[in-house]
Amino acid sequence: MNKISSSTRAGSLFRRRWLDYIRHQTGVLRTAFDGVVLLYIGIPGLLLLGRVYYGLWQDVLPSWLTGLPFQAVPVALILLTLLLGGLVLYIEAADVLFLKQHPKWVREIMLRATSLALVQRLVVILLEAVLLLPLLWRVYGMGSKEIIILFVLTYTMNAVYLLLSNLLAVVFTGLRRTLLGVGGTGSLLASYIIGVLCIELRPEISVIILLCYILVSVWLIGRRVSLQGRFERAIREEERQRTKLTGMILQPSVERPVKTRPRPWLFRRSGHLIRQRQVHDRVTEAAVKSFFRGREVLLYVQFTIYGFTAVFLPPYPVNLLVYIGLILLLFQWMNSQRRAFYQVKLLAILPKDENLEFICAPKTMRLLLFPAILVITAGLCMNLFTPGWGLLAAIPLGPAVSLLAVPVLWRFFSMSSRRRKV
């Protein structure tokens, strides 16, 4: 009678905790999804899924589906296994009070939780089998015996993965947990792929692997239930599994901590770019350093690489027209970056001349344009001449283009801006 009453109490406690878990997960989903909206979306989605599933059985299969290799099936099943949640044992921190008086209660709760998790995985595997059945039957020509072996093997692999991941998370920590997790999971998935690929050629190998999975699952269940001295780690793993869905729902709405700005790649030291140390020279130097120290420098590098490719590959005179267009685009972009520098709040506080921006503009633009123009000019010259002579020709042509393009384009853009104002 005592055993029956103890088992009954443990069963009622497990049912209460399982219902509380279901209510919690349902509440989390309700905060993110509206039931009415899901109803309007779910019904057409189920109808569409039913039509597609009927077409897989009756219609002519597309060529991309018939040409899909069989190796994609175990890979897809493995990805579904990894995406599913972990093992929830429905133990709580307060259970430590019952360990000395009623140690069987916690064991019975854990056994019921493990059985429930395995039943849930069985339902998922059966759903996967129903969805993949037309593909396995019509495309790969598998019989009923091979399909049964495939999904029984998949189910036992899921059981081993579920129990093994929980046991490793409770017993080990740190680097040992990572190494054992990677090694154990890798060995499990490798044996699963071997078993799936041997279903048609050597089915006895698949059956042997299946039996090994069953024996390992039974050993893992006994090991996990009888484990002692790891209660705090078990509680942490339990909370992590329970709050996984909550974390996935709330992750987009939680602000991440602002990362400290990394150290810039260019101009890490405050060296001088310009020999003259007048006010407009210092402001010009600050504007150039501010751009190359910022995040826009990555776009600048990408633009330079793409520009080099765009003038190096096409034939003449197409590459020359592309070269002119790139110079115009680069000038307009650097001019917007230059103007953005003078709109910084800190710079507006400092006392400066009204014509300072106009005085600094030509030299600032030349320094900003020079690296990209030099590389793009090298690509053009390497296309027009040999690579060696092209690089030599780009050394004087790059600075010359940057010197001549700035005053010409400055007048052109300034005149166009005046016409717009008028």
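The values are calculated or read from the model by the stated rules, or taken from the named source; none is laboratory data. Keep in mind it's a predicted model, so treat the numbers as computed, not measured. We place every Cβ from the backbone using ideal geometry, glycine too, and count neighbours over all the protein chains shown. Please note that ligands, DNA and RNA were not included when accessible areas were found on the heavy atoms of the full protein model with its side chains. Shrake-Rupley method; radii C 1.70, N 1.55, O 1.52, S 1.80 Å.
So in segment 96-110, with the set limited to residues that are in contact (Cβ under 8 Å) with a residue 40 or more places away in the chain and either surrounded by 18 or more Cβ atoms within 10 Å (Cβ to Cβ) or in a loop (DSSP other than H, G, I, E, B) (or both), which one is farthest from the chain's Cα centre (by Cα)?
Per the stated criteria, the residue is HIS102.
If the requirement is being over 28 Å from TYR53 (Cα atoms) and assigned to a helix (DSSP H, G or I), which of these qualifies: VAL207, VAL123, VAL196?
Only one candidate passes the filter, namely VAL207.
For segment 203-224, which residues satisfy the criterion of being surrounded by 14 or more Cβ atoms within 10 Å (Cβ to Cβ) and aromatic (Phe, Trp, Tyr)?
TYR213
Please enumerate the residues belonging to segment 311-339 that are under 21 Å from ALA361 (Cβ atoms), touching a helix residue (DSSP H, G or I) at 6+ places or on another chain (Cβ under 9 Å) and open to solvent by 30 Å² or more (accessible area, probe 1.4 Å).
Answer for segment 311-339, where residues must be under 21 Å from ALA361 (Cβ atoms), touching a helix residue (DSSP H, G or I) at 6+ places or on another chain (Cβ under 9 Å) and open to solvent by 30 Å² or more (accessible area, probe 1.4 Å): LEU328, LEU329, GLN332, TRP333, GLN337, ARG339.
Among the residues of segment 378-400, how many are free of Cβ contacts under 8 Å to residues at least 40 places away in the same chain and either closer than 18 Å to VAL322 by Cα or of a type outside the set (Gly, Ala, Ser) (or both)?
Start the filter on segment 378-400 by keeping residues that are free of Cβ contacts under 8 Å to residues at least 40 places away in the same chain, which leaves 381, 385-400.
Filter once more, keeping what is either closer than 18 Å to VAL322 by Cα or of a type outside the set (Gly, Ala, Ser) (or both): 381, 385-387, 389-392, 394-399.
So the answer is 14.
I'd like the residue in segment 120-134 that is free of Cβ contacts under 8 Å to residues at least 40 places away in the same chain and either hydrophobic (A, V, I, L, M, F, W, C) or touching a helix residue (DSSP H, G or I) at 6+ places or on another chain (Cβ under 7 Å) (or both) and, out of all such residues, is surrounded by the most Cβ atoms within 10 Å (Cβ to Cβ).
Checking each candidate, the answer is ILE125.
Have a look at THR81, THR114 and point out the one that is under 19 Å from SER206 (Cβ atoms), among the polar types (S, T, N, Q) and open to solvent by less than 60 Å² (accessible area, probe 1.4 Å).
None of the others qualify; the one that does is THR81.
Can you find even one residue in segment 289-301 that is modelled with pLDDT under 75, open to solvent by 50 Å² or more (accessible area, probe 1.4 Å) and of a type in the set (Ser, Thr, Tyr)?
Checked against the condition, which is being modelled with pLDDT under 75, open to solvent by 50 Å² or more (accessible area, probe 1.4 Å) and of a type in the set (Ser, Thr, Tyr), segment 289-301 yields at least one hit.
Against the definition (at pLDDT 85 or above, open to solvent by 80 Å² or more (accessible area, probe 1.4 Å) and part of a helix (DSSP H, G or I)), how does TRP137 come out, yes or no?
yes
With the structure loaded, tell me whether MET142 is within 16 Å of LEU77 (Cβ to Cβ) and at pLDDT 90 or above or whether it fails that test.
No: the conditions fail for MET142.
Using the structure shown, decide if GLU200 is among the acidic types (Asp, Glu), farther than 22 Å from ALA76 by Cα and open to solvent by 20 Å² or more (accessible area, probe 1.4 Å).
No, not satisfied.
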